[in-house]
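J.: Below you'll find the structure I mean.
The values are calculated or read from the model by the stated rules, or taken from the named source; none is laboratory data. Just so it is clear, the structure is predicted and the values come from calculations on it, not from any experiment. We place every Cβ from the backbone using ideal geometry, glycine too, and count neighbours over all the protein chains shown.
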Amino acid sequence: MKVCLISSTGGHFDELTKIIPAVEEHDYFLITEKNKSRKVDSSQGKVYFLMQQERKNAMFLLIFVANIIKSFFLYLRERPKVIITTGAGATYPFCLIGKIFGAKLIYIESYAKIYSSSATGRLMYKISDEFFIQWETLQDSYPNAKYRGALF
C-alpha cells in the first residue's frame, strides 16, 4: 500500500514526522513546502516539495495555482491509496485531488489548536475519512473527530 504524508513546513512537518514509524512498513513518501530556513532530512524517505505559500504574500494566488498543478502531477506520479496530513494550506489541493481519485484521507488537527478549529481543519473535516484531534477540548468544534492523544 502506498501512503503519502503531507504537511506544510515547521511545526506541521514536525508533527507529521512522528507518524513515520507507523507507516515505515509501507511504500511511503513525504510532501512538504520548500523553505530556505529549514532543510528536510531525505533519509526519512522520498520527499517532494511544494512552493511555500503565505496568504499575506503578494504572489499568493500565483503560488497557490502552481501548487495545485504540481499537486495534480505528484498525485498522478505516486497514486497513494492513503493520504495522512497535519495541514496546513498548501496541503489541501493534494488532499482534495486524492479524495477525488479515491484515496483514503486522514487528517490530524494541529497540536497548536487547543480551543478553536483551524482553517485547514474546517476544510478537511468535510472531506476526511478519518479526522483526529490532539486535544479533547476540540470535540465541540469537531463532533465526529477521534481523540487518541497527542503526537508530541
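Quick grid of which residues meet (1) of a type outside the set (D, E, K, R); (2) touching a strand residue (DSSP E or B) at 6+ places or on another chain (Cβ under 9 Å):
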{"residue": "GLU24", "(1), (2)": "no, no"}
{"residue": "GLU54", "(1), (2)": "no, no"}
{"residue": "PHE60", "(1), (2)": "yes, no"}
{"residue": "ASN67", "(1), (2)": "yes, yes"}
{"residue": "TYR92", "(1), (2)": "yes, yes"}
{"residue": "GLY98", "(1), (2)": "yes, yes"}
{"residue": "LYS113", "(1), (2)": "no, yes"}
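J.: Can you tell me which of TYR111, TYR142, TYR125 is part of a loop (DSSP other than H, G, I, E, B) and at pLDDT 95 or above?
T.: Exactly one of TYR111, TYR142, TYR125 is part of a loop (DSSP other than H, G, I, E, B) and at pLDDT 95 or above, namely TYR142.
J.: Next question, about the same structure. For PRO80, state whether it is touching a Ser or Thr at 6+ places or on another chain (Cβ under 7 Å) and of a type outside the set (A, V, I, L, M, F, W, C).
T.: Judged against the criteria, PRO80 is not a match.
J.: Still on this structure, please answer the following. Of all residues in the stretch 68-108, which are out of contact with any Asp or Glu (no Cβ under 7 Å at 6 or more places or on another chain), among the small types (Gly, Ala, Ser) and assigned to a helix (DSSP H, G or I)?
T.: Result: SER71, GLY89, GLY98.
J.: Consider the stretch 46-69. How many of its residues are within 28 Å of GLU25 (Cβ to Cβ) and under 15 Å from the mean Cα position of the chain (by Cα)?
T.: Within the stretch 46-69, the subset within 28 Å of GLU25 (Cβ to Cβ) is 46-50.
Next, only the ones that are under 15 Å from the mean Cα position of the chain (by Cα) stay: 47-50.
Of the residues in the stretch 46-69, 4 are within 28 Å of GLU25 (Cβ to Cβ) and under 15 Å from the mean Cα position of the chain (by Cα).
J.: Go through the stretch 66-88 and count every residue that is within 15 Å of LYS104 (Cα to Cα) and in contact with a His (Cβ under 7 Å, 6 or more places away or on another chain).
T.: The number of residues fulfilling the criteria is 1.
J.: Determine the pairs where a residue that is assigned to a loop (DSSP other than H, G, I, E, B) and modelled with pLDDT under 80, located within the stretch 39-59, has a partner that is surrounded by 10 or more Cβ atoms within 10 Å (Cβ to Cβ) and charged (D, E, K, R) with Cβ atoms under 9 Å apart, the partner being 6 or more residues away or on another chain.
T.: What qualifies is VAL40/LYS34; GLY45/GLU24.
J.: Considering the stretch 55-65 alone, what residues qualify as being surrounded by fewer than 13 Cβ atoms within 10 Å (Cβ to Cβ) and either within 24 Å of ILE108 (Cβ to Cβ) or touching a His at 6+ places or on another chain (Cβ under 9 Å) (or both)?
T.: ARG55
J.: Mind checking which pairs have a first residue in the stretch 123-135 that is in contact (Cβ under 8 Å) with a residue 24 or more places away in the chain and within 15 Å of ALA88 (Cβ to Cβ) and a second that is among the charged types (D, E, K, R) and crowded, with 19+ Cβ neighbours inside 10 Å, Cβ under 7 Å, 6 or more apart or different chains?
T.: GLN134/GLU109
J.: Out of the residues in the stretch 93-152 that are among the small types (Gly, Ala, Ser) and touching a Phe, Trp or Tyr at 6+ places or on another chain (Cβ under 9 Å), which is surrounded by the fewest Cβ atoms within 10 Å (Cβ to Cβ)? Walk me through how you get there before you give the answer.
T.: We begin by selecting, within the stretch 93-152, every residue among the small types (Gly, Ala, Ser); these are 98, 102-103, 110, 112, 116-119, 121, 128, 141, 145, 149-150.
Next, from what is left, pick out any that are touching a Phe, Trp or Tyr at 6+ places or on another chain (Cβ under 9 Å): 98, 103, 117, 121, 128, 141, 145, 150.
Working: GLY98: 25, ALA103: 21, SER117: 19, GLY121: 24, SER128: 22, SER141: 18, ALA145: 23, ALA150: 12.
Result: ALA150.
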